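Reviewing the structure listed below.
The values are calculated or read from the model by the stated rules, or taken from the named source; none is laboratory data. Worth saying up front: this structure is predicted, and the values here are computed from it rather than measured. Here the Cβ positions follow ideal geometry from the backbone for every residue, glycine too, while neighbour counts run over all protein chains shown. To get the accessible areas, we keep the full protein, side chains included, count just its heavy atoms, and leave off ligands, DNA and RNA. Shrake-Rupley method; radii C 1.70, N 1.55, O 1.52, S 1.80 Å.
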Amino acid sequence: MSGRARGRAGRGGRGAPADLGPARKPGAEETKPEQSSGRSRGRAPGPKAVAPQAATAVPAVRPQATATAAAAAAPTKPKAAMPLEEGMSRMSVRDRPTSREKSGPRGAEGGPRGPREGKSGRSMRDLQIVQPHTKPAHVASKKGTSGAPVKIMSNFFRLLTRPDWAIYQYNVQFEPEVPFIRKRRELLHNLADRLGPTRVFDGMQLFMPLRLEERVSDFQSQSRFDETPHTVKITLTNELPPSSPTCIQMFNIIFRKVMRQLGMKQVGRHYFSVNEDDRAQVPAHKYKSSRYFSRIAPATCFPSRLEVWPGYSTSILQYEENVLLCADVQHKVVRCDTVLDVLYDLGTKAKERRLDFHELAMKELIGTSVLTRYNNKTYRIDDINWDMTPKSKFKRSQDEEVTFLEYYSKQYNLKIEDVNQPMLISRMKRAPKRGQFGIEYAALVPQLCFMTGLTTNMREDFRVMKDLATHTRIEPKQRSHTLHSFMQLMKKNPEALKNLEQWGLSFASDLLEFGGRQLPTEKINVRSRSSTYRPDNPDWTNDIRSNHLISTKDLSSWLLLFTRRDQDKGQGFLQTLRRVGPSMGVRIMEPKVIELQDNKTETYLRAIKDNLDKSIVMVACILTSNTKQTYDAIKRFCCVDAPVPSQVVVARTLSKPKMIMSVCTKICIQLNCKMGGEVWALDIPLDNMMVVGIDTYHDSVNKGQSVGGFVASMNRTCTKYHSRTTFQHSGQELMDQLGTCMTASLRKYAEVNGKLPARIFVYRDGVGDGQLESIVNYELQQFLAAFKQIEDGYKYPKATIFSYSSICLFSPKFSFIVVKKGINTRLFLRSGPGMMNPLPGTVVDDHVTRSEWYDFFLVSQSVRQGTVSPTHYNVVHDSSDLKPDHIQRLTYKLTHLYYNWPGTIRVPAPCQYAHKLAFLVGQSVHKAPDLSLADRLYFL
């Protein structure tokens, strides 16, 4: 429906600046290729564990050669620079004991390593993810009972161990003391004949499947670098069962090694096959530049060929009854053009049009992510140093200084052709260690950096997406077959099988199968009738089109702006709108038509400002082209400077005669919502209830600032809302001003209904499991505090046994539910011998849920292509006195109430409204909208 943010898929993208685009279900998309746009919300920018061979920040690299001929003025340089070398650790200068300890390579594999023989590869501390226990104490069972039972299969495999299986944890001490972890590992490795080949050692803790005869064992070992004998004291400290959190970390470390033994390479978080035979080649397409350059030179096109790398995401965790391996198919889209190719194209076009090449390159590249294939790592481009070239030198160690040309030639046997190309800068996101000076960054050679992910214009190109869909949209049957083949491949690989057998581990061959439930369909209520829908197709478009909406607002006095070029489209739009409006109960009056001489942003703003008065209830603009600058300016003016609901439509949307009726019907619904009307409703049997939706979006202009959308329902049917926005710093997801927003919404609810809500349900979207503890300890507490701050609010007379009234503090029945969409869980419905997507309303609350949480999975949207993605709901606080059935049914009902789509969506409607609000402010407005608009859905 909305061209600015087509459902949840539009998050973070540089979408088309229009209120109306092709009808598309929010959140209904199936698994997409992994993208690294650098601008998408929730992405962890920059390299995660990448550093140079010189294991510290080195002094600022001073170029030893002349800068590129085109360089005018170099950007501000960070204080320290590093070349890119895979698998190297970072430490402060004070931590570096010897040159060997500084520069010795750790291995030829990129990324964190799993356990090697006698080595841990990655520290156990690096994998510790402590999840809070949020299941309310009063919840004895989280299983629901309503709905029809269905057979479900999921992308999980059981981890199998023998009944008495355990991992033994030992503490290791050295006498005399050994300060270097590499030497510690060597000394322990020399004891392989006594300890066995299977172990993980992180420098202090030793984990083995073997129990030593004595609780405390002393061994003698000697390093090959000196003749000093060392006593290695190994003390048994713990015997860990499979469900132990430490064992869970061990399982993931072991499985990472299995993935490498299968020939997979880690790129980002997942493992992919980098063999040329496995890569899928997508035909070359020409695409327009997606950023600043495309706006000033719209005719510019760059040819690009895409590759799709197949891979897997894996995770081993303890679930309700078993330790399970969750495995899902992943795809990474890699463009075959390098950053240097993009720079050459930009330089050519800039010369033709007499534009500033440096400015164009900075606008086009900064913030994007690139892939270096020599180590299969991704990096975010934060800057371009025009004075630094591959001929520049850096200090590889305290005594060695080399050029980038020499480094890549010796280390990777790579030849850099253009020795005058500028260097890309990728800053490390981790905070410097104590004693560390300067800001670390990695210097990248454009020729060796490949563009990754899809640009917005690629996503909007039907041909590109159609070609990609043939490789990335996997049907349930094909997905389950691929996962089964993956498990068989692992069991047929001698090296991987031996690794698992040494630890006494194995996996089930078949996908996990269990029971789920299918919730009943809901009744859709309009003004004069109720209707339902087919379970396999939740769509009630026809019922809305031919019946009066629940409540309507007349489009009495409004402005319609279009250019002289789009006069025919403007008149056709007005005539069609007046035809479809009466059938839905919306009266469309004659607007004040303003014909513009050109499509400049200033022309639109001047016309709106000159004709706007207090009687105007709507401003509708038809844009000649899909121009973000014009769209943003109109929205900013109509949301902040002169608050009035606005509707922006791209002329191309109105150019198809066969689609004009459908388009105008959807626009009419949007206009009614933006003026305060209601479209349809459901039967919700809870009185005096408020539902709150929360989401965040990172501001696209004000870097380091995030926008929070807060939307609260104002009536029983959850069809009217009050909205607020908040702003927070450093790209954080956690919102600071929730208490203020909640207090304002409670006061507004009391003003509308004459009383405060007795029940409040908060659906918090936009955070991952890693922030769950902060959500519980920070955001949740703001709500609880807000209930106590309502003056003369939650204080009611309470009758006592002595028949008199006393005043007591009363808190509402309150539930806080975390909504998570970025999950790898997939659900398949048994259909005879085959599999299909579960129908909307499918609930799973056992087997693949977590025992320490009050959680469930819900499939609420209908997906016709690919595999459906369920939504995970985690009730972290609950005093509602409702059964699990009631919370699940309420959540499903709320997915029916998003007015931009006449069907069910992936998340509850308040969450989607909060996302739309945060997206509009973060992408276009960049300021808090005027509060006079807060009681209308002006952000649709």
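Between Gln771 and Glu352, the contour length at 0.36 nm per residue exceeds the Cα-Cα span by 145.9 nm.
Could you tell me whether the stretch 630-765 comes out rounded, prolate or oblate from its Cα gyration tensor? Rule is a ≥ b ≥ c as square roots of the eigenvalues, rounded for a/c under 1.5, then prolate if a/b exceeds b/c, otherwise oblate. Please report the intermediate quantities before stating the final value.
Values: a/c = 2.17, a/b = 1.21, b/c = 1.79.
It comes out oblate by the Cα gyration axes.
Atom-type composition of the exposed protein surface of the stretch 340-419 places 41 percent of the accessible area on carbon and sulfur (1.4 angstrom probe).
Rounded to the nearest 20 debye, the dipole size of the stretch 372-483 about its Cα centre is 600 debye, using +1 on the Cβ of Lys and Arg and -1 on the Cβ of Asp and Glu. Summed over the residues of the stretch 812-855 and divided among them, the accessible surface reaches 26 Å² per residue at a probe radius of 1.4 Å. Each pair of Cα atoms in the stretch 348-481 enters the Kirkwood radius, and Stokes-Einstein at 10 °C and 1.306 mPa s then converts it into a translational diffusion coefficient of 88 µm²/s.
As a size descriptor, the averaged projected area of the C-alpha convex hull of the stretch 435-506 was calculated at 11.4 nm². Computed over protein heavy atoms with a 1.4 Å probe, the accessible surface of the stretch 556-696 works out to 40 Å² per residue.
Calculate the dipole size of the stretch 187-286 relative to its Cα centre from +1 charges on Lys and Arg beta carbons and -1 charges on Asp and Glu beta carbons; express the result in debye to the nearest 20.
Working: 13 positive and 11 negative charges, 103 e Å.
For this selection, approximately 500 debye.
Take the Cα of Asn171, go 7 Å toward its beta carbon, and the backbone nitrogen atoms of the stretch 216-239 under 16 Å from that spot belong to 216-218, 232-239.
Any idea of the accessible area per residue across the stretch 886-940, 1.4 Å probe, to the nearest Å²?
On the way: 930 Å² over 55 residues.
I get 17 Å² per residue for the stretch 886-940.
Counting only the backbone N, which residues of the stretch 550-566 are under 11 Å from the spot 7 Å out from the Cα of Ser615 toward its beta-carbon? Backbone N within reach: 557-558.
If you average the alpha carbon positions of the stretch 851-929 and of the stretch 565-638, how far apart do those two centres end up, in angstrom? What the calculation gives is 32 Å, centre to centre. Applying 0.36 nm per residue to the separation of Gln781 and Arg529 and subtracting their alpha-carbon distance, the gain on full extension is 86.5 nm. Cα centroid separation, the stretch 709-785 to the stretch 209-286: 43 Å. Normalising the average separation of contacting C-alpha pairs (under 8 angstrom, six or more residues apart) by the number of residues puts the relative contact order of the stretch 656-776 at 24 percent. On the protein heavy atoms, probe 1.4 angstrom, tell me the percent of accessible surface of the stretch 128-286 carried by carbon and sulfur. Carbon and sulfur: 49 percent of the exposed surface of the stretch 128-286.
Counting only protein heavy atoms and a probe of 1.4 Å, the accessible surface of the stretch 649-712 is 59% carbon and sulfur. Under Stokes-Einstein, with the Kirkwood radius over Cα pairs as Rh, the value for the stretch 681-755 at 20 °C and 1.002 mPa s is 160 µm²/s.
Using 0.36 nm per residue, how much length does the chain from Asp687 to Arg269 gain when fully extended, once their Cα-Cα distance is taken away? Before the final figure, lay out each step's value.
Details: separation 418, 0.36 × 418 = 150.48 nm, distance 4.54 nm.
My answer for the length gained is 145.9 nm.
Model label points for Met661 and Ile790, set 7 angstrom from Cα along the Cα-to-Cβ axis, are 4.8 nm apart.
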